[in-house]
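> Next up is a structure, given as structure tokens.
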Amino acid sequence: MLVKTFLGGKRKGVPGHEEIELALIELYRLTNKSSYLELAEEFINRRGKISNFKIYILNQYLNMGYIIKLAKKKNLEHEKEVKGKDISSIQKSEVAEFVSGLTIKHFIRIIRENFNGNFIQSNKPVRSIFEPVGHAVRAMYLYCGMADLYSETGEDALLKSLRRIWLKMYKARMYITGGIGSERSTEGFRKDFALGNRDSYSETCAAIGNMMWNWRMLQITGNCKYADLIEKLLYNAMLVGQSIDGKKYTYDNPLISHGKDERKEWFLCACCPPNVARTISSLGQCIYSTSEKGIWVHQYIGNAMNINFCSNLIKINQISHFPWKGKVEIHLNLSKSQKFSIFLRIPNWSIDAELKVNGIKHSNGLSKGKYVEILRNWLDNDIILLTFKMKPNLIESDPRIKDNRGRAAISYGPLIYCLEQKDNKKFDIFKTIIPRNQEFIVKFKPELLGGINIITGKNSNNEIFIAIPYFAWSNRGADKMQIWHKSI
């Protein structure tokens, strides 16, 4: 029906939320029906080329208003309660909470972003894009679709565009956590270095979409920077979206809180909770991949995996101590000995790396932010031991970010840390100053927040502070929190 209705320009317009393109390309891969690929490509190619765009957008919103009214009339009276609460009151509460944070400037920005095409990434043809714009989740899905299309067609212009967009996002429009979306009103991107902590939206779904895009870029290029960003997103911008007990969620994820932010059991716009569950349950797909040369290890997550490589069944058992310790053991069981390469990621945060195969040290090629290739005749019961040196690090903010000038954040391995007021009752975390020249202490606390590493140090008043992983904040009730701290 989709092909019959839309292919060949029979009906104008583009999908408002760029997900159908991914589904169409996946259908093409499963069925080999070229019409699915052609329609996905047509939808992608239409962006930035819609005539009378402002009238088109106006009609879209008029149609949406009619559909919403019809849905409310037919369904709302039949679904009065969700866990004892009236749906309409929940809706009013969520809408009121969102609108209360908006100013006239925000509403002007919403109108402008919609009518200039930025909001739904229709401001430019996709091959001319050089920066991420508009609604962050929609943008990530569009870039996933472009990457999938490149994987099928090999069109170089698509990949060039994706590389440009990624670099602009990474260098100038992404938070230290990997979160994206610094404009609350549009849930999307602003200009370069407009990364205000108070305005941070960093939607959980945007982090997941970013992981999806980077996985595709990693498969296309084999470049370690995409795997490194997946790891950052996984442990910070995505993981913060679900409480430690798995029962409550966050929709947006601020980098600073004045004690009013709370996790919720559900949202009427319920995209984030199931998206988190889906992502966690499918993490196994992001750990390994294969190429003609051999097996690639992208993420260090405990698992057991069977891989068929060149008619050889290879069983991999990975024992990982991430993210608390930089120690990984990889045990191999082969149905027969075989010569091939294993590519191991050396994380960009690693201070130093040590690699041993069956107790014998390998020193060549251990450059951080790259894959090291180990080519050998692998035998049954071979063991790879990786050790990455981890040390608490005080990261100074880019001075072009106005909110963070003279501030620094604490990291440890793949984790970004924050101060929560509950752990620092003797001083105001918003006023404390953290000296740069000091040795931080890392200690594992099995009884705290499901078992975490805390980092302690001293502020300028010689008072001890405690920092916890950002993903773990707001698990003990609403509280003040801050990632970027004044530093001297």
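Derivation of every value follows stated rules applied to the coordinates shown; laboratory data play no part. This one's a predicted model, so the numbers in the text were calculated from it and none came from an experiment. All Cβ positions, even for glycine, are placed from backbone atoms using ideal geometry, and neighbour counts span all protein chains on display.
> Give me 428, 228 ranked fewest to most by other Cβ atoms within 10 Å of their Cβ, as a rough exposure proxy.
Ranking 428, 228 by Cβ neighbours within 10 Å, fewest first, gives 428, 228.
> May I ask you to evaluate 6.51 cos²θ - 1.76 cosθ + 1.60, the Karplus curve with θ = phi - 60°, for each residue of region 414-428 and list the ³J(HN,Hα) values in order in whole Hz, giving x for glycine and proline?
Once θ is set to phi - 60°, the couplings for region 414-428 become x, 9, 9, 10, 9, 9, 10, 4, 4, 8, 9, 6, 7, 8, 7 Hz.
> So what is the relative contact order for the chain, in percent, with contacts set as C-alpha pairs under 8 Å and at least six apart?
10
> Go through 301-309, 429-437, 345-353 and give me the packing order, highest mean Cβ count within 10 Å leading.
The densest-packed peptide leads the list: 345-353, 429-437, 301-309.
> If you don't mind, there's one more thing I want to ask. Just one of [x] 0.98; [y] 1.03; [z] 1.15 is Rg/Rh (Cα atoms, Kirkwood Rh) calculated from these coordinates, so which is it?
Label [x] holds the value from this structure.
> Hey, another quick one. Based on the mean of other Cβ atoms within 10 Å per residue, sort peptides 3-14, 211-222 so the most packed one is first.
211-222, 3-14
> Any idea which of 179, 246, 272 is furthest toward the positive side of the dipole for region 165-274, if Lys and Arg beta-carbons carry +1 and Asp and Glu beta-carbons -1?
Of the options given, the answer is 179.
> Place a +1 charge on the Cβ of each Lys and Arg in the chain and a -1 charge on the Cβ of each Asp and Glu, then give the dipole magnitude about the Cα centre in debye, rounded to the nearest 20.
With only Lys, Arg, Asp and Glu charged at Cβ, the dipole is about 860 debye.
> Might you report the magnitude of the Cβ-based charge dipole of region 393-487 about its Cα centre, with Lys and Arg at +1 and Asp and Glu at -1, to the nearest 20 debye?
220
> How many angstrom lie between the Cα centre of region 357-424 and the Cα centre of region 435-457?
16
> Hey, which of these cross-link pairs are over 24 Å Cα-Cα: 260/425; 4/49; 325/368; 10/124; 336/368; 368/422?
The answer is 336/368; 368/422.
> Based on other C-beta atoms within 10 Å, arrange 454, 383 from fewest to most.
Lowest count first: 383, 454.
> Sort 38, 203, 262 so the one with the fewest other Cβ atoms within 10 Å of its own Cβ comes first.
262, 38, 203
> If amide hydrogens are placed 1.01 Å from N in the peptide plane, which non-local residues have theirs closer than 5 Å to the one on residue 261?
479
> Scan around residue 453 for amide H atoms under 5 Å from its own, H built in the peptide plane at 1.01 Å from N, and keep only partners 5 or more places away or cross-chain.
445
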